[in-house]
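K.L.:
Sharing a structure below in structure tokens format, with a few things to ask.
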Amino acid sequence: MKKIAILGSTGSIGTQTLDVARENGDIEVLGLAAGSNIDLLEEQIREFRPELAAVWSEEKAQELKQRIADTNTRVVSGMDGLLEVSTMKNTEILVTAIVGMIGIRPTIEAIKAGKDIALANKETLVTAGHIIMPLALEHQVSILPVDSEHSAIFQSLQGNKAKSVHKILLTASGGPFRGKKEEDLMEIRVEDALKHPNWSMGQKITIDSSTMVNKGLEVIEAKWLFGVDVDQVQVIVQPQSIIHSMVEYVDGAVIAQLGTPDMKLPIQYALYYPERRYLPGERVDFWSLGKLEFEKPDMDTFYGLKLAYEAGRTGGSLPTVFNAANELAVSQFLKREIKYLEIVEIIEDCMQAHQIIENPTLEQILDTETATYDRIKSRR
């Protein structure tokens, strides 16, 4: 029986992780953590009977505690609650499906506690990769990517040596606005940006996909996960989302991982690695598919991707600024406080204003996040 805990259990990755646990029958869920959706969290607790559940809001935690008083699940709250779920004594794997930089500290503490990390929280590596990867090596902990693209790269690397990698080919769907120019994006509404053509994801990542900032975050994440330079990561638009990513080797061979757009595959692969298990669902029908299309990304219109390469090359605290500015700007857009094109304008402004710290500590990373938020809030 594999024992896991999940941060972000009520989100898209979290609920699909529980689907995988339900379908396999040999995963014991010992801990769950959520933000404020205690209705769904209560359902999860009653089905999976975890020892511990964390809710970010103290008020919501108290309400949940009363609701599930008839169960044996203990309820905790806030950052202390997240840390407690992350370091539970008997868990083997922590699934970090929480959104944002809030995932950094729990990931660090889980690594120190010897837990393997099924990583779906890209912000952790984008902002603190220089801390996380050496720490995982020190504690002999595996970082198992859950993002479909990074899982595809991870799968394509199996059986080959890292030094034989020439470059990583990171695929992108292009999002809902593929092919459009800046003038087409001036009046984009929240509803428009949330209509992804291929994937069903949470709101924040769906907006990030539409701006291609998400792909930029993945470029930086790939740098840390696979030990490559940012310029060894080449983004290729693959509109059908059938090729999830590829690795080109020094001899010119390209190995790719293909499949339907289904996050359960990378989730299950991370949980059972190196074992492969049967996964129900649709399969790629190549006769019906007919052809695969490839395009070069438009980094002039979607220049958030260009800014990500700049942040990744520069390193230090600049990726934190890129990430933090995007987090708050997307939040403001979802609340209809700013226009769509302002998201990347805000990121660029914050990056240009920032004084770079070359090798930031965790405290400096979090301070940089706060300073970035303060700059954005002062604009209005």
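What follows draws every value from the coordinates through simple rules; no lab data is involved. Since the structure is predicted, the reported quantities are computational estimates derived from the model, not experimental observations. Note: ideal-geometry Cβ built from the backbone for every residue, glycine included; neighbour counts use all protein chains shown.
K.L.:
Quickly run through the range 202-260 and pick out the residues that are over 21 Å from Arg283 (Cα atoms), assigned to a loop (DSSP other than H, G, I, E, B), in contact (Cβ under 8 Å) with a residue 12 or more places away in the chain and hydrophobic (A, V, I, L, M, F, W, C).
P.N.:
Once the filter is applied, which keeps residues that are over 21 Å from Arg283 (Cα atoms), assigned to a loop (DSSP other than H, G, I, E, B), in contact (Cβ under 8 Å) with a residue 12 or more places away in the chain and hydrophobic (A, V, I, L, M, F, W, C), the range 202-260 yields Met212, Val228, Val250.
K.L.:
Return yes when Gln364 is touching a residue at least 40 places away in the same chain (Cβ under 8 Å), in a helix (DSSP H, G or I) and farther than 13 Å from Gly304 by Cβ and no when it is not.
P.N.:
Spelling it out, Gln364 is indeed touching a residue at least 40 places away in the same chain (Cβ under 8 Å), in a helix (DSSP H, G or I) and farther than 13 Å from Gly304 by Cβ.
K.L.:
Mind telling me which of the residues Glu337, Glu295 ends up being farther than 19 Å from Thr206 by Cβ and not aliphatic (A, V, I, L, M)?
P.N.:
One residue alone meets the criteria, Glu295.
K.L.:
Then there's this: Aliphatic (A, V, I, L, M) and either over 30 Å from Leu185 (Cα atoms) or more than 16 Å from the chain's Cα centre (by Cα) (or both), is that true of Val219?
P.N.:
no
K.L.:
If I filter the range 280-298 for residues that are surrounded by 17 or more Cβ atoms within 10 Å (Cβ to Cβ) and in contact with a helix residue (DSSP H, G or I) (Cβ under 7 Å, 6 or more places away or on another chain), do I get at least one hit?
P.N.:
Step one: filter the range 280-298 for residues surrounded by 17 or more Cβ atoms within 10 Å (Cβ to Cβ), giving 297-298.
Subsequent filtering for residues that are in contact with a helix residue (DSSP H, G or I) (Cβ under 7 Å, 6 or more places away or on another chain) retains 297.
Within the range 280-298 (the criterion being surrounded by 17 or more Cβ atoms within 10 Å (Cβ to Cβ) and in contact with a helix residue (DSSP H, G or I) (Cβ under 7 Å, 6 or more places away or on another chain)), the answer is yes, since at least one residue qualifies.
K.L.:
Among the residues of the range 62-92, what is the count of those that are of a type in the set (A, V, I, L, M), in contact with a helix residue (DSSP H, G or I) (Cβ under 7 Å, 6 or more places away or on another chain) and surrounded by fewer than 16 Cβ atoms within 10 Å (Cβ to Cβ)?
P.N.:
1
K.L.:
Still on this structure, please answer the following. For the range 49-87, give me each residue that is within 24 Å of Arg22 (Cα to Cα), of a type in the set (Ser, Thr, Tyr) and not in a helix (DSSP H, G or I).
P.N.:
Thr71, Thr73, Thr87
K.L.:
I'd like to check something: does the range 146-161 contain any residue that is touching a residue at least 12 places away in the same chain (Cβ under 8 Å), of a type in the set (A, V, I, L, M), farther than 19 Å from Glu248 by Cβ and surrounded by 19 or more Cβ atoms within 10 Å (Cβ to Cβ)?
P.N.:
yes
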